[in-house]
Amino acid sequence: MAQFDSTVYQNEYLPDGGTDVNAIVRVGVSDAGSAGSDGAAGEIIIIDCSGSMGQRSMLAARQAAMVALDNILDGTYFAVVSGTHEAYLAYPIVQSGPGMVQMTTRTRREAKDAISRLVADGGTAIGRWLNLTLALFNSMGGIVTQRHALLLTDGADEHETPEQLDAAIRACAGRFQCDCRGIGTYWVVSEVRKIARALMGTLDIIPDPAMMAAEFARIMQTSMSRGVSSANLRVWTPQGAQLLFVRQVSPTVEDLSYQGQPVNPLTVDFGTGAWGDEERDYHIAVRLPAKAVGQEQLAARVQLVVGEQPRTQGLVKAMWSSDDSLTAQINDEVAHYTGQTELAAAIQEGLAARKAGDLSTATSKLGRAVQLAQQTGNHEATTKLRKVVDVVDPGSGTVRLKTKVDKADEMALDTASTKTTRTRQSGGNGGQAE
């Protein structure tokens, strides 16, 4: 049975007149089990079959999809979608009724046979692929309670309007999770990131088709290890308080603030999707009415809720003090993740400015990113930044833009911008599993 725990990292001391409380809440799950542990699991593989895929990428995509099938547990419901400027159900072939079948030796073999016949032809309309995926999950009614898709694309969404894609994303949000991968350099990072963020999935680039099979295997293995099919981060704040923001800050930066669903006037739920054996960190910021020195207050109660049952909680506290040595301290975890969040924004804004031809802003933003990457120990970001800029002085963030940058390196930096690192040492002020 899955076990849950939580730890809170913060400086709970506020100066006289202070109002804002910041905390990092680390939530962990262990012994989660396999996908489908608390209900039937469903997997849909969405393969870009547009003409731009070409022979090499199409061959690699077929092989990778077959590898993904090998990593789907028997008994899992699954389907394969072929995407062009239309969306087609490549497997199973159904005349009526549900559009997914359970994984067995026979259906795995049949699905591989169907995948082997896929060819590259036509355009790209990702919204239609998502709509078909949603329809397939919906065809199962309440049978499939854990829903995950893997989407591969190689190009821009050119054969539908942005409004059509946005409408499809809105329809799918909260209905299934979707990990997104781009192959090559002709897809648009911001476009696919929008899908991954809304559907609580990951985003990355596969720069070489030869890397695709291993990446598909890893994604499917991760999905199959998520025995907790769905959980909400539930945040309570006291009367008169303002919840400033809720962000996931590890393993990636994701702003959850605008995704909250009210439970009651003081409590908000934030969807977190499925969980395996893992830890995730959340930055919670609360503004309280100032109290007199010596008073204390509970600023927030943060719970992980599964099936409406709180499984663990962390308490965020506030205590007003006149002791500057206490109030002036910034908790290491809070400082670290504040820097990581700024790092993600600096990279994305710097690359956008570079693309727009605003070289001054690009130099400034990417220079700040180099500085933050060094300060927070984000070696992956540092390595990727050095492929886009020449670093003169990392301490001051002094850089020069490279005149020639490989498009794949630029996209790899963009997709990795939200990935964060942990502090070298962690210290908490309590928080325990319930």
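Only one of the numbered conditions (1) out of contact with any Leu (no Cβ under 8 Å at 6 or more places or on another chain); (2) open to solvent by 50 Å² or more (accessible area, probe 1.4 Å); (3) closer than 30 Å to residue 35 by Cα is not met by residue 311, and that is (1). Screening 280, 311 for residues that are in contact with a Phe, Trp or Tyr (Cβ under 6 Å, 6 or more places away or on another chain), within 22 Å of residue 28 (Cβ to Cβ) and either touching a residue at least 60 places away in the same chain (Cβ under 8 Å) or among the hydroxyl-bearing types (Ser, Thr, Tyr) (or both) leaves exactly one candidate, 311. Taken as a whole, the structure leaves residue 197 outside the set of residues that are assigned to a loop (DSSP other than H, G, I, E, B) and modelled with pLDDT of 95 or more. Reported count of residues in region 167-199, each being within 26 Å of residue 260 (Cβ to Cβ) and open to solvent by 50 Å² or more (accessible area, probe 1.4 Å), is 6. Which of the residues belonging to region 302-346 are of a type in the set (Asp, Glu) and within 20 Å of residue 283 (Cβ to Cβ)? Passing the criteria: 332, 333, 342. Within region 325-337, identify whether any single residue is over 13 Å from residue 10 (Cα atoms) and open to solvent by less than 40 Å² (accessible area, probe 1.4 Å), and answer yes or no. No: region 325-337 contains no residue that is over 13 Å from residue 10 (Cα atoms) and open to solvent by less than 40 Å² (accessible area, probe 1.4 Å). Go through the residues of region 4-20 one by one and say whether even a single one is open to solvent by 10 Å² or more (accessible area, probe 1.4 Å), assigned to a helix (DSSP H, G or I) and small (Gly, Ala, Ser). Checking region 4-20: not a single residue is open to solvent by 10 Å² or more (accessible area, probe 1.4 Å), assigned to a helix (DSSP H, G or I) and small (Gly, Ala, Ser).
Residues that are of a type in the set (Val, Ile, Thr), under 18 Å from residue 315 (Cβ atoms) and outside any strand (DSSP E or B) within region 231-271 comprise just one, 237. Going through 369, 344, 408, 381 one at a time, which residue ends up being more than 30 Å from residue 318 (Cβ to Cβ), within 20 Å of the chain's Cα centre (by Cα) and open to solvent by less than 30 Å² (accessible area, probe 1.4 Å)? The unique qualifying residue is 381. Hey, could you check region 27-66 for residues that are of a type in the set (S, T, N, Q) and over 14 Å from residue 221 (Cα atoms) and say which is surrounded by the fewest Cβ atoms within 10 Å (Cβ to Cβ)? My answer is 55.
The values are calculated or read from the model by the stated rules, or taken from the named source; none is laboratory data. Computed from a predicted model, the values in this text were never measured in an experiment. Cβ atoms come from the backbone with ideal geometry, glycine included; neighbour counts cover every protein chain shown. Only protein heavy atoms, including side chains, enter the accessible area calculation; ligands, DNA and RNA are left aside. Shrake-Rupley method; radii C 1.70, N 1.55, O 1.52, S 1.80 Å.
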